[in-house]
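Enquirer: Structure in structure tokens, see below.
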Amino acid sequence: EYINGLPDPTPLKEEILARYPRKVAKKRDKSMVINDPDADQEIQANIRTIPGIITQRGCTYAGCKGVVLGPTRDIINLVHGPIGCSFYAWLTRRNQTRPAEGEDNFMTYAFSTDMQDENIVFGGEAKLKEAIREAYEMFAPKAIGIFSTCPVGLIGDDVHSVARDMKAELGINIFGFSCEGYRGVSQSAGHHIANNQVFKNVVGNNDRPRKGKFQVNLLGEYNIGGDTFEIERLFEEAGIELLSTFSGNSTIESMEYSHTADLNMVMCHRSINYIAEMMEEKYGIPWIKVNFIGAESTAKSLKKIADYFGDAELTAKVDAICEREMAKVNAVKEAVKPKVEGKLAMMFVGGSRAHHYQDLFGELGIRVVSAGYEFAHRDDYEGRKVIPNIKIDADTRNIEDLVVSKDEAHFRDDLVAKKDSLEKSGYKFKDYEGMMPEMKKNSLVIDDVNHWETEKLIEFYKPDVFCAGIKEKYVVQKYGVPLKQLHSYDYGGPYAAFEGAINFYKEMQRMLDTKIWKLVDTPWKHEPEIVGSMTIE
Ligand code: CFM
Ligand code: HCA
């Protein structure tokens, strides 16, 4: 049965829940929502994955070392732990960088203390100090970050005291992260730890005098497949000075003076909202959400920035850029759209792209039947209300009273109701966009989807394209369904901004306008499936 152009997911959800043990079913039920954008729906998110379930999630170390600090090219990111934690995170994320002639770039290296049994038994601090000295002698970096893996916390090595000692000994900036993999329930805890330490140890260390008229930072953009380069180009043309990106194509110096910005733009809210809020609280820098995935979203985001500054010349430049670029984008879109329109897509990734990429699919008329995040929080899903926020005159405002919707906090309806009068007295409200209010009625939203549910989704919807990561890719493709990696972009990209949209349209045509996937054959299509029974309660 179709409702609103989408198949009714009720039987699918029932089938999935019926196969689980009772307690598991009760839990999963709350993380699977048949969407209704007009209703005030809640979803369960950011909770521990049920043991035994094959999750898509990663660990806290991945969120801290890989995601937030990974793209910093001139900080030596030294991992304190067994070599596997470094090896399996080595150059897998496709975050790109462009150092100027003579500038440091350590991103191609994997720095590790290579912990051995002996260090687990007798402690690894001495080895860590040696590794820091060695890295300093060989590379003379401006800064070193130390990242804790699971055993570090278990044996009690104190990376922070090592960092203090070595900072005193070597005279460079050295800081540690207690980002052991098992902390928290996913990568998300690692983002938070990374944000706190970068804010504490880096931001504000350099009061570089103002250079541009409009100075901004771009937060939560990691230059996967060159996305940041595309956005940087647009800013440059519009006369917006990008001080620092956290952390795609960044330098430590740029982060040190990032507090001199007029405005923070937040692209991936999930991974970096903490720095945005801390900068607002300490330096009075307001932040707005932007989305440069999708041509229309890019134009909208550029206009949002111009609106913020309220400068006629800037607005005119932005308008001209958008008009010129949209003409190019539309020409490709018109060619591709008829070939892919009406197809079905689903996407299960991370904590923001499963939402942002829906704009690109929407532009091509591809229907998103089901989507979800790996580790987002409720606000990333539900956030639909305007969130009141302090602006500029920070010290005359009661910040505590007004900063809402952090993590699990419920929206403050009372403040929303007072929106008009608060605005009159100088508060600025900002849109708090989320996945569910922007998805169609009757689509299926699933948090922390697991391997088995993925298979059920494919059998039920028979999607034309499935978007996820490397762990899902080949299983899905063996079903005869093409999988587009929205993490690494496979070997493609950039997909951000206008040029990125064009690249993505062409990629969708390549993947969807072909019969090749129908030819995929697998043994389980012909041989009977072995159905296991689940009896654990
Ligand atoms: Fe933000 Fe990201 Fe994402 Fe993320 Fe990630 Fe990534 Fe992602 Mo992979 S920071 S939440 S922790 S947009 S690494 S660049 S692709 S899961 S959707
Ligand atoms: C991470 C990084 C990751 C993994 C991608 C994937 C990335 O979570 O540790 O599963 O394909 O984008 O590189 O999200």
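The values are calculated or read from the model by the stated rules, or taken from the named source; none is laboratory data. Being a predicted model, the structure only gives us computed values, none of them experimental. Note: ideal-geometry Cβ built from the backbone for every residue, glycine included; neighbour counts use all protein chains shown. Protein only, heavy atoms only, side chains kept; ligands, DNA and RNA dropped before computing areas. Shrake-Rupley method; radii C 1.70, N 1.55, O 1.52, S 1.80 Å.
Enquirer: If you scan region 471-487, which residues turn out to be outside any helix (DSSP H, G or I) and near ligand 2 (Cβ under 10 Å from one of its atoms)?
Expert: Answer for region 471-487, where residues must be outside any helix (DSSP H, G or I) and near ligand 2 (Cβ under 10 Å from one of its atoms): GLN485, LEU486, HIS487.
Enquirer: State whether the residues of region 183-191 include one that is aliphatic (A, V, I, L, M), surrounded by fewer than 22 Cβ atoms within 10 Å (Cβ to Cβ), more than 20 Å from GLY248 (Cβ to Cβ) and within 15 Å of ligand 1 (Cβ to nearest atom).
Expert: yes
Enquirer: Taking TRP524, is it more than 28 Å from the chain's Cα centre (by Cα), surrounded by 14 or more Cβ atoms within 10 Å (Cβ to Cβ) and either more than 28 Å from ALA327 (Cβ to Cβ) or more than 16 Å from ligand 2 (Cβ to nearest atom) (or both)?
Expert: Numbers: more than 28 Å from the chain's Cα centre (by Cα): yes; surrounded by 14 or more Cβ atoms within 10 Å (Cβ to Cβ): no; either more than 28 Å from ALA327 (Cβ to Cβ) or more than 16 Å from ligand 2 (Cβ to nearest atom) (or both): yes.
The answer is no for TRP524.
Enquirer: Then there is this: How many residues does region 64-104 contain that are open to solvent by less than 30 Å² (accessible area, probe 1.4 Å), touching a strand residue (DSSP E or B) at 6+ places or on another chain (Cβ under 6 Å) and away from ligand 1 (no atom under 16 Å from the Cβ)?
Expert: Adding up the residues that qualify gives 6.
Enquirer: Still on this structure: Using the structure shown, decide if MET265 is outside any helix (DSSP H, G or I) and closer than 26 Å to GLU374 by Cα.
Expert: Numbers: outside any helix (DSSP H, G or I): yes; closer than 26 Å to GLU374 by Cα: yes.
Criteria met by MET265.
Enquirer: With the structure loaded, tell me whether ASP380 is in a helix (DSSP H, G or I), under 24 Å from GLU230 (Cβ atoms), within 16 Å of ligand 1 (Cβ to nearest atom) and at pLDDT below 95 or whether it fails that test.
Expert: yes
Enquirer: So which pairs qualify, if the first residue must be in region 456-467 and over 18 Å from ALA354 (Cα atoms), the second must be among the hydrophobic types (A, V, I, L, M, F, W, C), the Cβ gap must be under 9 Å, and the two must be at least 6 apart or on different chains?
Expert: Pairs that qualify, where the first residue is over 18 Å from ALA354 (Cα atoms) and the partner is among the hydrophobic types (A, V, I, L, M, F, W, C), are LYS456/LEU12; LYS456/ILE16; GLU459/LEU12; PHE460/LEU12; LYS462/LEU344; LYS462/VAL481.
Enquirer: Output the number of residues of region 336-377 satisfying the condition of being part of a strand (DSSP E or B), within 12 Å of PHE466 (Cβ to Cβ) and open to solvent by 10 Å² or more (accessible area, probe 1.4 Å).
Expert: Of the residues in that region, 2 qualify.
Enquirer: Just checking, how many residues over region 464-481 are over 17 Å from LEU360 (Cα atoms) and either away from ligand 1 (no atom under 11 Å from the Cβ) or open to solvent by 10 Å² or more (accessible area, probe 1.4 Å) (or both)?
Expert: Matching residues across region 464-481 total 12.
Enquirer: When only residues in region 93-130 that are within 25 Å of LYS142 (Cβ to Cβ) and of a type in the set (S, T, N, Q) count, which is nearest to ligand 2 (Cβ to nearest atom)?
Expert: ASN95
Enquirer: Pairs needed: first member in region 356-375, on the phi > 0 side of the Ramachandran plot; second member anywhere, open to solvent by 10 Å² or more (accessible area, probe 1.4 Å); C-beta distance under 6 Å; at least 6 residues apart or different chains.
Expert: GLY365/LYS337; GLY365/GLU341
Enquirer: Let me ask another. Is there a residue being among the hydroxyl-bearing types (Ser, Thr, Tyr), modelled with pLDDT of 95 or more and either surrounded by 17 or more Cβ atoms within 10 Å (Cβ to Cβ) or within 16 Å of ligand 2 (Cβ to nearest atom) (or both) anywhere in region 451-461? Working first, answer last.
Expert: So in region 451-461, the residues among the hydroxyl-bearing types (Ser, Thr, Tyr) come out as 454, 461.
Adding the requirement that they be modelled with pLDDT of 95 or more leaves 454, 461.
In the following step, the residues that additionally are either surrounded by 17 or more Cβ atoms within 10 Å (Cβ to Cβ) or within 16 Å of ligand 2 (Cβ to nearest atom) (or both) were identified as 454, 461.
Yes, that holds for at least one residue.
Enquirer: Specify which of the listed residues (SER254, SER271, SER258) is among the hydroxyl-bearing types (Ser, Thr, Tyr), open to solvent by less than 20 Å² (accessible area, probe 1.4 Å) and within 16 Å of ligand 2 (Cβ to nearest atom). Spell out how you get there, then give the answer.
Expert: Details: SER254 fails: within 16 Å of ligand 2 (Cβ to nearest atom); SER258 fails: within 16 Å of ligand 2 (Cβ to nearest atom).
None of the other options fit; the residue is SER271.
Enquirer: Give me a count of the residues in region 365-380 that are of a type in the set (Lys, Arg) and within 16 Å of ligand 2 (Cβ to nearest atom).
Expert: Total meeting the criteria: 0.
Enquirer: Note down all Cβ pairs under 8 Å where the first residue falls in region 54-68 and is closer than 14 Å to PHE246 by Cβ, the second is within 9 Å of ligand 1 (Cβ to nearest atom) and open to solvent by 30 Å² or more (accessible area, probe 1.4 Å), and they're at least six residues apart or on different chains.
Expert: VAL67/ARG93
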